[in-house]
Amino acid sequence: MKFNRKDLIELETLTREEIELILDTAIPMKDVFTRTVKKTPPLRGKTVVNLFYEPSTRTRISFELAAKRLSADTINIAAKASSIEKGESLIDTGRTVQALGADIIIMRHPHSGAPHLLSKHVKCSIINAGDGTHEHPTQGLLDMYTIREKKGRIKGLKVGIVGDILHSRVARSNIWGLTKLGAEVCVIAPATLIPRDIEKLGVSVYHRPEEIIGELDVINILRIQKERQKELLFPSLEEYSFVFGVDSTKLAGAKKDLLIMHPGPMNRGIEISSDVADSPNSVVDQQVTNGVAVRMAVLYLLSGGKDENIT
Ligand code: NCD
């Protein structure tokens, strides 16, 4: 099967089959890194540009590594050190990058919808690496890949997402993807951190972790996005941590094989305690490794690769 799209901007508009194609393509991509030569040729001669308007460590490095493992040439542009500082518009920057020969632009931007806008003005493929509070599709995909790898399936699992749902693009991509693949998703947060009408996306809402933790197969713990909150939406970080922070006391009644996930960066002692972050049930490091495989799959498919031709 081929992925007949120019861009990857969101999971909302992908079909279940397209999501499964990406996840299936990521399996042989992961095999590439267990080889002594961690490189395969499909993107030889292609240029992949990372255009980042927001700070990022793991996502940028993960995309760069993914592109390099597929033999592409890679260039990194950080907004702070470029003409963007001199007031160049997003569209002009995108056109310049295209004129320099980019085939794929990977972009992160503080405004929701920015990758969509740029996509209309350039011919090269756009991959959204996180836009404002909208979506972070490759994070959603790597979370689903990790769940499928560890649990053998997604359909029928109960997945809890706890934390700042209101400002989280990771939550939104997870919700779209997981519900399309048949998981039961619930969000757990104070009422002020839950978007209005979230139930319309097919998720259930809880305001206390204890009400649901015992039923979960997976818990995905999110950071409080202080940089996106105009005012603090709960009394204090200490109180948030006391009520919503996931620690071993809250997990006392959890299933023995509960999968513990976090997209990073973790704020230990706030949304997650150190013992939970480092517990045998935690797959935080595997998420990072799987991120490279999933991003290789996305780059490969957007460049016209077919799932049956991966070596
Ligand atoms: C997330 C992001 O930037 O949206 N992080 C990431 O991609 N590794 C989540 C976060 O910043 O909390």
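Which value at 222 nm does the chain reach when only helices count, each DSSP H run of 4 or more adding -39,500 (n - 2.57), with the total divided by all residues and rounded to the nearest 500 deg cm²/dmol? List each step's numbers first, then the result.
Numbers: 9 runs with 105 residues, N = 311.
Calculated from helices alone, the mean residue ellipticity at 222 nm is -10500 deg cm²/dmol.
What is the helix-to-structure angle for 169-180, meaning the angle in degrees between its Cα long axis and the longest Cα principal axis of the chain, kept from 0 to 90 and rounded to the nearest 10?
It works out to around 90 degrees.
Give me the 1.4 Å probe accessible area per residue for the chain, excluding ligands and nucleic acids, in Å².
On the way: 13550 Å² over 311 residues.
Ligands and nucleic acids excluded, the result is 44 Å² per residue.
Along its three principal axes, how long is the range 196-311 when you only count alpha carbons? Whole Å, largest extent first please.
Its Cα atoms span 52, 36, 28 Å along the three principal axes.
If you build a Gaussian network model of the chain, linking Cα atoms that sit under 10 Å apart, which residue out of I27, I221, I147 swings the most?
I27
Where the accessible area of the range 1-116 is counted over protein heavy atoms with a 1.4 Å probe, how much of it, in %, is carbon and sulfur?
For the range 1-116, the apolar C and S fraction of the accessible surface comes to 52 percent.
Can you return the lysines within cross-link range of K200? Criterion is Cα-Cα under 20 Å, with same-chain partners fewer than 8 residues away left out.
K155, K158, K180
Using θ = phi - 60° and the Karplus form 6.51 cos²θ - 1.76 cosθ + 1.60, what ³J(HN,Hα) does each residue of the range 208-223 get, whole Hz, x for Gly and Pro?
9, x, 4, 5, 9, 3, x, 9, 7, 9, 9, 10, 10, 9, 10, 6
Which residue, P190, P265, P115, has the most motion in a Gaussian network model of the chain that connects Cα atoms within less than 10 Å?
Looking only at P190, P265, P115, the largest GNM fluctuation is found for P265.
Can you tally the net charge around Y53? Count Lys and Arg as +1, Asp and Glu as -1, for every other residue whose Cβ sits under 10 Å from the Cβ of Y53.
On the way: positive: K80, R108; negative: E54, D131.
With Lys, Arg at +1 and Asp, Glu at -1, the net is 0.
Stretched out fully, how many nm does the piece from T15 to L201 gain, at 0.36 nm a residue minus the Cα gap? Intermediate results must be reported in sequence, preceding the final value.
Numbers: separation 186, 0.36 × 186 = 66.96 nm, distance 1.52 nm.
Roughly 65.4 nm would be gained on extension.
Contour minus end-to-end for S82 and S112, with contour as 0.36 nm per residue of separation and end-to-end as the Cα-Cα distance?
Values: separation 30, 0.36 × 30 = 10.80 nm, distance 2.15 nm.
Result: 8.7 nm gained on full extension.
How many percent of all Cα-Cα pairs in the chain sit more than 25 Å apart? Please report the intermediate quantities before stating the final value.
Details: 23125 of 48205 pairs.
Here the long-distance tail beyond 25 Å is 48 percent of all Cα pairs in the chain.
What number does the range 63-165 give for Rg over Rh if you use C-alpha atoms and the Kirkwood radius?
Values: Rg = 16.6 Å, Rh = 15.8 Å.
Reported Rg/Rh (Cα atoms, Kirkwood Rh): 1.05.
Measure off, as a whole percent, the carbon and sulfur share of the 1.4 Å-probe accessible area of the range 137-284, all protein chains present. Please list the in-between numbers first.
On the way: 3190 of 6150 Å².
So the carbon and sulfur contribution to the accessible surface is 52 percent.
Which of P235, P28, P41 moves the most in a Gaussian network model of the chain with Cα springs under 10 Å?
Taking springs between Cα atoms under 10 Å, the residue moving most is P235.
So who's got an amide H within less than 5 Å of the one on L157, skipping anything under 5 residues away but keeping other chains? H placed 1.01 Å off N, in plane.
Amide H neighbours of L157: E184.
Enter the mean projected area of the convex hull around the alpha-carbon atoms of the range 18-129, in nm², rounded to one decimal. Please list the in-between numbers first.
Details: hull surface 30.7 nm².
Averaged projected hull area, Cα only: 7.7 nm².
The values are calculated or read from the model by the stated rules, or taken from the named source; none is laboratory data. The model shown is predicted, which means the values in this text are computed figures rather than measured ones. Cβ sites come from the backbone with ideal geometry, for glycine too, and all protein chains shown count toward neighbours. In case anyone asks, the SASA skips ligands and DNA or RNA and just uses the protein heavy atoms, side chains included. Shrake-Rupley method; radii C 1.70, N 1.55, O 1.52, S 1.80 Å.
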